[in-house]
Amino acid sequence: PGCTGPGRGCIRMRSASSLPRVLGRLRPVQLRALTDLPVPPLVAAPVRDCSAASGQPAAATGAATTGAADRVAARSGSLQPRLYWKLAKGKLTVWVSLSALPGYMLALPGAIDPITLAALTCGTFLTSASAQTMNQMYEVSRDAVMRRTALRPLPSGQLTMTEAGLFAAGSGGLGLAVLCAGTTPATAAVAGVTMATYVALYTPMKVMSPFNTHVGAISGSLPTLLGFTAALGGVGLAASPWALHAGWLFWTQVLWQMPHFYALAWLHRADYIRGGYKMFPLTDATGAATAAMSKPYLVALSAMPWLASAGGLASWMLPVGALVPSVVWWRSLRAFERTPNPSTCRNFFLGSLSYLLAMLGLFTAFGRVEVAEGLTQRSLPPVSAGEDSEGPSDDLSKVEHLGPAWRAAVHAQFIEACPHELLRGWRFGAPSGCPFGSSDS
């Protein structure tokens, strides 16, 4: 009864040890005869450890037993949605979808189109789910020997390769169609390139070279371009005034992914080694080398907001606002550097998530285009130019800052409560001091 092994004999023993099921199978005549017999006291049966006979550790046999129970439930349909969520790596796919939003919110020429926004979000989610599924199909044998992945739907047998293949084809095809019809063909093309590089380049390279992280960082950052192409339509990203913004956001996420995945690899290095993967932190026994490898990327990331502000891609509030998430992430790195252990490394990993979320929000709030006043109406799509803009001008010496129309509307709604406006009015007696919605701040 106490056996935890996954074998058929063990399962039959557990089934036979259930007294109600045994009595339920007896015939009525036998049951009446048994009621007259004395019932001996129940004695707990000794726990039989099948791990020695099977050659597997007890934890592995317990996991296999859980997997067997899950397979039964999965076939009954009670776990199907959850299994496909795991197959799509749902949490990671949500992050991918979020990374596509800042570009759309910045570059859209007019009011937010709910249909386009929904198509961008859903299409990005579906294409990412397809890529993650194909990744797991390719790595199913390696996932089976790793503790953190052994209970995924494919290695545990809860879903078959056929089911996974159908899901990957369906979600990928539907996602590309949604992006093409609901946004622009260019957006679908970028999503297709993202899927191809992730599955055909990054996934097989994970067991070939530790530089796979660099390839994966590029593939994983391509979704930041989806929002820009969805908003610009036929204008084209390369010819638009938002091309540099797209490049800034792309390279920021590329730099961010390196320390993020270095921390993850060091946390689970034993598992990655067991799976046969090649990553730089896997040879780092102490964690000191992983912290040292991560530091240059944090230095570069700290400089990126200042570069954006100096280059006219964002207001001065971007580097000011980035100070808090940057300091918090730096502190977690310093703690990991001083005391390398799983706890400090996990805090550093989690700090990367909060940092990325903050930077996406800050760039959406303070990104803007800087152009000469006389070129405003001739070279740009219709976007908000703030309160000081009155149309074209022949004076090309003046610089004008343009931002999305929705942001100007939000600013106009809450202008009286804006601390920047209050400060500028108190100090200089003039309005338009808010970097969120004004053109000349």
| said: Please verify whether residue 283 is more than 23 Å from the chain's Cα centre (by Cα) and either of a type in the set (Phe, Trp, Tyr) or under 23 Å from residue 213 (Cα atoms) (or both), treating the condition exactly as stated. | reply: yes
| Within the group 354, 332, 343, which residue is under 30 Å from residue 403 (Cα atoms) and of a type in the set (S, T, N, Q)? | 354
| message | Checking the conditions here, which among 312, 276, 247, 287 is on the phi > 0 side of the Ramachandran plot and open to solvent by 10 Å² or more (accessible area, probe 1.4 Å)? | response | 276
| Among the residues of region 80-91, is there at least one that is part of a loop (DSSP other than H, G, I, E, B) and either open to solvent by less than 60 Å² (accessible area, probe 1.4 Å) or farther than 26 Å from residue 201 by Cβ (or both)? | yes
| query | Any residue in region 193-214 that is without any contact (Cβ under 8 Å) to a residue 60 or more places away in the chain, part of a helix (DSSP H, G or I) and hydroxyl-bearing (Ser, Thr, Tyr)? | reply | yes
| request: Keeping to region 216-242, report how many residues are more than 18 Å from residue 89 (Cβ to Cβ) and either surrounded by fewer than 21 Cβ atoms within 10 Å (Cβ to Cβ) or polar (S, T, N, Q) (or both). | output: 11
| query | Do we have any residue at all in region 137-144 that's open to solvent by 60 Å² or more (accessible area, probe 1.4 Å), among the acidic types (Asp, Glu) and either in contact with a Pro (Cβ under 7 Å, 6 or more places away or on another chain) or modelled with pLDDT of 90 or more (or both)? | reply | no
| message | open to solvent by 30 Å² or more (accessible area, probe 1.4 Å) and either under 21 Å from residue 119 (Cβ atoms) or not aliphatic (A, V, I, L, M) (or both): is that true of residue 211 in this structure? | response | yes
| query | Do we have any residue at all in region 372-388 that's acidic (Asp, Glu), open to solvent by 30 Å² or more (accessible area, probe 1.4 Å) and at pLDDT 90 or above? | reply | no
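Yes/no matrix, rows are residues, columns are (1) touching a strand residue (DSSP E or B) at 6+ places or on another chain (Cβ under 9 Å); (2) farther than 21 Å from residue 216 by Cα; (3) modelled with pLDDT of 95 or more:
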{"residue": "110", "(1), (2), (3)": "no, yes, no"}
{"residue": "131", "(1), (2), (3)": "no, no, yes"}
{"residue": "151", "(1), (2), (3)": "no, yes, no"}
{"residue": "154", "(1), (2), (3)": "no, yes, yes"}
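The values are calculated or read from the model by the stated rules, or taken from the named source; none is laboratory data. Fair warning: this is a prediction, and the values are worked out from it, not measured in the lab. A quick note on method: Cβ atoms are made from the backbone with ideal geometry, for glycine too, and the neighbour counts reach across all protein chains shown. Accessible surface areas use protein heavy atoms only, side chains included; no ligands, DNA or RNA. Shrake-Rupley method; radii C 1.70, N 1.55, O 1.52, S 1.80 Å.
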